[in-house]
1. Is there any pair linking a residue in the stretch 423-448 that is under 29 Å from F325 (Cβ atoms) to one that is among the hydroxyl-bearing types (S, T, Y) and at pLDDT below 75, with Cβ under 6 Å and at least six apart or on different chains, and which?
2. In the stretch 91-115, how many residues are assigned to a helix (DSSP H, G or I) and more than 26 Å from D26 (Cα to Cα)?
3. Within the set of pairs 6+ apart or on separate chains, which have a first residue in the stretch 151-171 that is outside any loop (DSSP other than H, G, I, E, B), a second that is of a type in the set (D, E), and C-beta atoms under 7 Å apart?
4. Among (1) closer than 30 Å to N267 by Cβ; (2) in contact (Cβ under 8 Å) with a residue 24 or more places away in the chain, there is one condition R222 misses while meeting the rest; what is its number?
5. Look through L177, L204 and report the one residue that is crowded, with 16+ Cβ neighbours inside 10 Å, assigned by TED's automatic domain parsing to the domain that holds L154 and farther than 12 Å from G234 by Cβ.
6. Hand me the list of helices (runs of 4 or more DSSP H) wholly inside the stretch 222-296 holding 3 or more residues that are assigned by TED's automatic domain parsing to the domain that holds P201 and more than 23 Å from S178 (Cα to Cα).
7. Being exposed (fewer than 14 other Cβ atoms within 10 Å of the Cβ), in the same structural domain as S38 (by TED's automatic domain parsing) and either in contact with a strand residue (DSSP E or B) (Cβ under 7 Å, 6 or more places away or on another chain) or modelled with pLDDT of 85 or more (or both) narrows it down to one of A90, A95, A83, so name that one.
8. Among the residues of the stretch 63-90, how many are in a helix (DSSP H, G or I), free of Cβ contacts under 8 Å to residues at least 24 places away in the same chain and not β-branched (V, I, T)?
Amino acid sequence: MPSRVFVLDLGTGEISDRLSELLRKDFLVHAGTLRSLSNDIEKADCEVIFVTLSDPGDITVVKQVQKLCPDKPIIGLGLETEASLIVKAAKAGVADFIVLPTSPEKVKLSVQNAIECKRLKNEIDYLRREQDIVYDFDQIIAESPSMKAVIETLKKFSQVDATVLITGETGTGKSFLSGAIHFNSQRRKYPFVKISCTNIPELLLESELFGHEKGAFTGAVRLRVGRIEQARGGTVFLDEIGELPLSLQAKLLRFLEEKRFERVGSNKTIEVDVRIIAATNRNLEKMVEDGTFREDLYYRLNILRVELPPLRKRPQCIIPLAYYFLRLKSQRLRKNIVDFEPQVLEMFQRYHWPGNLRQLANVIERAVILEESQVITSNNVLLPGIHSDKAVPQVKTPDNERQRIIDALEKCNWVQKCAAGLLGVSPRVLNYRIKKYGITHPKWRKHK
């Protein structure tokens, strides 16, 4: 069945007749006035909405259509070109403006472009909303005193514009928290660019950071804009800054002091306003003593510093993080897994976690892939050095688990959300366990 389009003709019908002739091979055209088509526009699925525009006052119709159908692109139509009208239409949100007469191919291309632009805008809006949620400091799992202190510190760092240095073991969340700083800062509307300083040859890393001119070196067949320049107005995250070669440390230091640099193979100085957040799992103080890291660069980076504690030193976070990763991995893998065996949770609490959050996420992803029930069992959890049948000498039995839930509910006056927080699980998981163990209470029945 051909795709549907609507044509709102504000004139005599001449324009809609011409457009219908152009589109009849590829689209099902519904033409009329806004009043006659308003109900259909709200209910029917269509590709685009055309609006004839011959006077600046017609722009009000565009705004009315946007209220009726905000997710559909609008294309303006006219019999002559008036620059002022086209500009006003564009400012009002019209995706394109077609001047008749024209060819069917041009109209079809305009429709395709309008649909694609609207799709991309919807996707960008969705991703921005997701970023706001993900990078909300109050949504970050920080149950331990040490992580609560880190989050409070990062909140303060996000409100100023100085360089930040994040230290900590591999997998503790340095990259993620650098994003939280950016998306809660005044630079949030500008790019957030990540650059890894590891395992990249020195010349290529310099090009990655600062860009290069065409012909600057073998293989430089065209001009390349560096990542720092791409982040103009925003934030650059330099991951594993301790791996940066000494020669590039000097160039980075100059940029931090002057906000200026030259592309590889160029004498032209470029000025860029960006904020730098650096991270490392290495001991920079020891590197300075050894002469492998510039002392002046170290002091320039070490203005605002925070150290992330390893997962083993924030045990209160392990179980909440495990449930977060379980929900995340289950959704991505399209599986309905909602809980862990009690023995698995005991294993998680006892394990050393040398790989920190990254290792926890990977362990849970593997378990979700292998698990065929709704509960992660110990057979599908692989922790080096731990055997599931010997990991926990005293495993909680179902009866003990049931009683633990009842005790928590009684402490919270049988309010499930409160009990879930006390047990360190989500309300959804607690509800699953309540049904699993057949736990009931008269107070709940009163609200049915």
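The values are calculated or read from the model by the stated rules, or taken from the named source; none is laboratory data. Just so you know, these numbers come straight off a predicted model, no measurement behind them. Cβ coordinates were reconstructed from backbone atoms using ideal geometry, including for glycine residues, and neighbour counts include every protein chain displayed.
1. Partner pairs satisfying both residue conditions: none exist.
2. Count: 1.
3. Sorted first by the residue in the stretch 151-171, then by its partner, the pairs are T167/E307.
4. (2)
5. L177
6. Details: elements: 227-230, 246-258, 284-290.
So the answer is 246-258, 284-290.
7. Going through A90, A95, A83 in turn, the sole match is A90.
8. So the first thing to find is which residues in the stretch 63-90 are in a helix (DSSP H, G or I), and the list is 63-68, 83-90.
From what's left, free of Cβ contacts under 8 Å to residues at least 24 places away in the same chain: 67, 83, 86-87, 90.
With not β-branched (V, I, T) added as a condition, the list becomes 67, 83, 90.
Count: 3.
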